[in-house]
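Let me begin by presenting the structure, written as structure tokens, before commenting on it.
The values are calculated or read from the model by the stated rules, or taken from the named source; none is laboratory data. None of the values given here were measured: they were computed from a predicted structure. Here the Cβ is made from the backbone with ideal geometry for all residues, glycine too, and neighbour counts use every protein chain on show. Calculation scope for accessible area: heavy atoms of the full protein, side chains included, ligands and nucleic acids excluded. Shrake-Rupley method; radii C 1.70, N 1.55, O 1.52, S 1.80 Å.
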Amino acid sequence: PSPVYSTYIIKCEFPTMSSDSKKRLALAIIDFLSTSMKDGTVSDDDKESIEVAQQCIADAFKVDPSDRAAMIDALAGQTLQSIY
């Protein structure tokens, strides 16, 4: 007898992040990168690369890291480092 093969398709649905949640996360990442430059985590040689990364993230997610109210709202009194 020949073997019988079955194919099962499992559909997994994961909750998706809202656009606002993604923007807040992008701002939190930008804040983490900024803090890392200030606290010495990132070497002076790498700071320019981090600044470029921050700008790319801001552009891609259409956020303004100079908007203090948005940054405060995004962080809600926490930082990525404090979460992880």
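Report in % the part of the accessible area of region 19-82 that belongs to carbon and sulfur, leaving out ligands and nucleic acids; probe 1.4 Å.
52 percent
Taking only C-alpha pairs under 8 Å that are 6+ residues apart, what is the relative contact order of region 19-82 in percent?
Answer for region 19-82 is 54 percent.
Packing-wise, with mean Cβ within 10 Å as the measure, how do 40-48, 71-79 rank, highest first?
Per-residue mean Cβ counts within 10 Å order the peptides as 71-79, 40-48.
Check cross-link reach from Lys38 to the aspartates and glutamates: straight Cα distance under 13 Å, and skip same-chain residues fewer than eight apart.
Asp46, Glu48, Glu51
Please compute one quarter of the surface area of the Cα convex hull for region 19-82 and express it in square nanometres.
That works out to 4.2 nm², a quarter of the Cα hull's surface.
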